[in-house]
Amino acid sequence: MKKKYVWFFLLLLAAAVAVGFRSEVAGFLRRNFTATFSEVLPSDPAKLRALYLKKHPKELNIAVFGPWNYYAKQGFILDKAIQLAVDEVNASGGILGRKVNPVWVDNENYSAVAQEQAEKLAADPSVFAVIGPVTSGRVLQFNSLFGDAGMPEVAPLAQSERINRENTNALLFMPIASDLDESRALAAWAQGGGRNNFLILNDDSRFPMSYGSCVEQSFYEKDLLVYGRVLFDQSSRKNYIRDQVLQYLDYFPVQNIIYLSKTGDASDYTDLAGRIFARLPEGTLYFNEFTTFDRLLKIRLDRNRVFVPAAIPLNAANRAELRKFLKIEGYERDFLSLIAYRGVHIFADAVRQAGSLDPRRIAETMRTGVMKTPLGEFRFSAGGFEAGPPLEILSLEELENRWRAIAAD
């Protein structure tokens, strides 16, 4: 008999709970429970970010993720360029009325540190998007991590064709020419100038190895001859590289040389240029862009035969912005800082055009739209790189003349 009363009591209690759950009081408790505890309970990262944005309508936190101190030591002012862009975006009203707060994360160029930092960012509901990482290797390392977290990502300096090859992250964009597009511009320059019979020098780090393969492919498409690639590890002494080059020059009719290396201070470029031009009085030497222009000017002889890519047009249309950079302390006239600066403006304008903080709508706008920036209009290719990049291959002499024209009153 007692068991019947117990069961009857439990049924009444369940009914009361069911009715109460539908009441205003239960709704109030349910809403407050969600608002209070949902940020610490396991859930969909995108939903957590949406909730955070709703609770903080005046701010937009964007992680700035990369080895900023490392690049500063190499002469690049990437951090100052990004901060300048953020300040300009905020001065113009922010993004959809929200102030942009950069969340600086510096991994000091250590992979293990970067991995730990990336995992924390992906799990942080207060961070909406990511500017960075810097290198293609890091982007590939964290591609799925940020994508799965529903975070829009702008990696302004990553150029590897491997990125987004399988469309693994629809929220990832690289506002720079891809390795292949830059290599094709180099091949067109070579063909247009009647240059042929090349030798490629590159160290065995990721970027030069990948870039060198793109150069070989692009030159093959133009029927340009590459006699070989001199590979060396990053600790190789100058005389090793010199001796390898001299051996090729002894056995092959090399006329032009392409030098691809990791980011450096150009301390060996003058010696390399002097030795090569002593053997190739009519040849040219091409350096990849990962050295500042000011440091390349250590090469004082034959500047009309040393070439680099110009990724941002040095013209009258960009004069005001370029002069702004010339006033920044420590600016060594590098293009990477300009690209990083432009990348922030590209993302900000895409969000404004989307009119929403829905990551998918932002990505669709970036994929199909035309973004306006202080350095001109910008479009993305299907692969997420700069579409139709206005690359020019210019000699150090020509670059110096153009920078002087920009600086002139």
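The values are calculated or read from the model by the stated rules, or taken from the named source; none is laboratory data. None of the values given here were measured: they were computed from a predicted structure. Because the Cβ atoms are built from the backbone with ideal geometry, glycine has one as well, and the counts that use them run over all protein chains shown. These accessible areas exclude ligands, DNA and RNA; they are computed on the full protein's heavy atoms, side chains included. Shrake-Rupley method; radii C 1.70, N 1.55, O 1.52, S 1.80 Å.
Odds and ends about this structure:
- Residue within the stretch 127-141 that is aromatic (Phe, Trp, Tyr) and open to solvent by 30 Å² or more (accessible area, probe 1.4 Å) present: no
- Hits in the stretch 357-389 (condition: open to solvent by less than 30 Å² (accessible area, probe 1.4 Å), over 13 Å from Ile176 (Cβ atoms) and touching a Phe, Trp or Tyr at 6+ places or on another chain (Cβ under 7 Å)): Met366, Met371
- Entry remark, the stretch 372-387: residues being out of contact with any strand residue (DSSP E or B) (no Cβ under 9 Å at 6 or more places or on another chain) and either modelled with pLDDT under 95 or on the phi < 0 side of the Ramachandran plot (or both) number 6 in total.
- Residues that are of a type in the set (A, V, I, L, M, F, W, C) and farther than 24 Å from Val370 by Cα, drawn from the stretch 326-351: Leu326, Ile328
- Restricting attention to the stretch 183-228, the residues that are over 21 Å from Leu394 (Cβ atoms), without any contact (Cβ under 8 Å) to a residue 12 or more places away in the chain and of a type in the set (Gly, Ala, Ser) total 1.
- Qualifying positions in the stretch 172-187 - charged (D, E, K, R) and open to solvent by less than 10 Å² (accessible area, probe 1.4 Å): Asp179, Glu182
- Count of residues meeting criterion [within 24 Å of Asp44 (Cβ to Cβ), modelled with pLDDT of 95 or more and among the charged types (D, E, K, R)] in the stretch 98-123: 1
- Pair list, Cβ under 7 Å, 6 or more apart: the stretch 48-72 residue among the charged types (D, E, K, R), other residue surrounded by fewer than 22 Cβ atoms within 10 Å (Cβ to Cβ): Arg49/Pro125; Arg49/Gly150; Lys58/Arg98; Lys58/Lys99; Glu59/Arg98; Glu59/Lys99; Glu59/Asn101
- Condition check for Ala91: surrounded by 23 or more Cβ atoms within 10 Å (Cβ to Cβ) and on the phi < 0 side of the Ramachandran plot: no
- Matching entry among Phe277, Phe293 (being more than 17 Å from Ile200 (Cβ to Cβ) and under 25 Å from the mean Cα position of the chain (by Cα)): Phe293
- Val64 part of a helix (DSSP H, G or I), at pLDDT 50 or above and among the β-branched types (Val, Ile, Thr): no
- Residue in the stretch 400-408 that is open to solvent by 70 Å² or more (accessible area, probe 1.4 Å), outside any loop (DSSP other than H, G, I, E, B) and of a type in the set (S, T, N, Q) present: yes
- When Ile312, Ile241 are screened for being of a type outside the set (Lys, Arg) and modelled with pLDDT under 90, only Ile241 passes.
- One residue stands out in the stretch 200-233 among those that are touching a Gly at 6+ places or on another chain (Cβ under 9 Å) and either open to solvent by 70 Å² or more (accessible area, probe 1.4 Å) or on the phi > 0 side of the Ramachandran plot (or both): the one that is modelled with the highest pLDDT, namely Leu231.
- Selection from the stretch 273-295 of residues that are open to solvent by less than 20 Å² (accessible area, probe 1.4 Å) and at pLDDT below 85: Ala273, Ile276, Asn288, Glu289, Phe290, Thr291
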